[in-house]
């Protein structure tokens, strides 16, 4: 049977880490928590649950996930976040892959939740993730805002049944804090890539995102939170684009010490 390393990224995840670890204990040959210096009880709880804790400063999501893969003792790796946990069906599928692996990497669906409710439509579903595979056959996407594992050109990829559960946000207030943080990171990343904002993007992209998630992807079928999340996605796009424009304006016209009184 092939050995499996489970590596989990954490920062102040005391409410989630034990559930995540418990979900993979039956299939993991080692569990490593890569912690970016939490100020709560996350490291202690992880150690009590049987994980090995490794500290590593957080630069961005892409770099942190890369370090997670490197620190694993085995080449077959399952990469998780602390607010995720493995369903029984997915756990059985992973066990089957350990016994007889047919592919270099595997994808599965992530089921996202907010305020104790799972989202089955809209922009959060189906959320296909590649988080399991031979690390020698995996690369990473270009984004530093969202980490993404991708198969190398010659790698074979299969799919697994079962869900990776994800406690995305505690409530809508928490969601909006996330939207504000991620939109800032995304705008900065776009600026670094030389992308320029434009008022047409500010005006047109947010309503299209709302329509896309609510109607085209049937987010309305998730009820109140389907509407709320479609709205939050539109707000995310608006904030990302307006922050990108703001960065351009600040570079073009640096703030003067005495300010400008012109309207």
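The values are calculated or read from the model by the stated rules, or taken from the named source; none is laboratory data. Bear in mind the structure is a predicted one, so any value in this text is a computation, not a measurement. In this analysis, Cβ positions are derived from the backbone assuming ideal geometry, glycine residues included, and neighbour counts consider all displayed protein chains.
Okay, here's what the table says:
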quantity	calculated
The one condition in (1) under 24 Å from residue 237 (Cβ atoms); (2) touching a strand residue (DSSP E or B) at 6+ places or on another chain (Cβ under 9 Å) that residue 152 fails to fulfil	(1)
One residue from 178, 168, 184 being touching a helix residue (DSSP H, G or I) at 6+ places or on another chain (Cβ under 9 Å) and not in a helix (DSSP H, G or I)	168
Residue in the stretch 44-54 that is touching a residue at least 60 places away in the same chain (Cβ under 8 Å) and either within 22 Å of residue 151 (Cβ to Cβ) or not in a helix (DSSP H, G or I) (or both) present	no
Yes/no for residue 104 being surrounded by fewer than 21 Cβ atoms within 10 Å (Cβ to Cβ), more than 15 Å from residue 29 (Cα to Cα) and at pLDDT 95 or above	yes
Test set (1) surrounded by fewer than 21 Cβ atoms within 10 Å (Cβ to Cβ); (2) in contact (Cβ under 8 Å) with a residue 40 or more places away in the chain; (3) within 23 Å of residue 90 (Cα to Cα) - residue 64 fails condition number	(3)
Strands (runs of 3 or more DSSP E) completely within the stretch 106-162 that count 3 or more residues being outside the structural domain of residue 181 (by TED's automatic domain parsing) and farther than 17 Å from residue 70 by Cβ	127-134
Hits in the stretch 71-105 (condition: in a helix (DSSP H, G or I) and in contact (Cβ under 8 Å) with a residue 60 or more places away in the chain)	71, 88, 89, 90, 91, 92, 93, 94, 95, 97, 98, 99
Meets criteria (touching a strand residue (DSSP E or B) at 6+ places or on another chain (Cβ under 6 Å) and either assigned by TED's automatic domain parsing to the domain that holds residue 123 or surrounded by 14 or more Cβ atoms within 10 Å (Cβ to Cβ) (or both)) for residue 225	yes
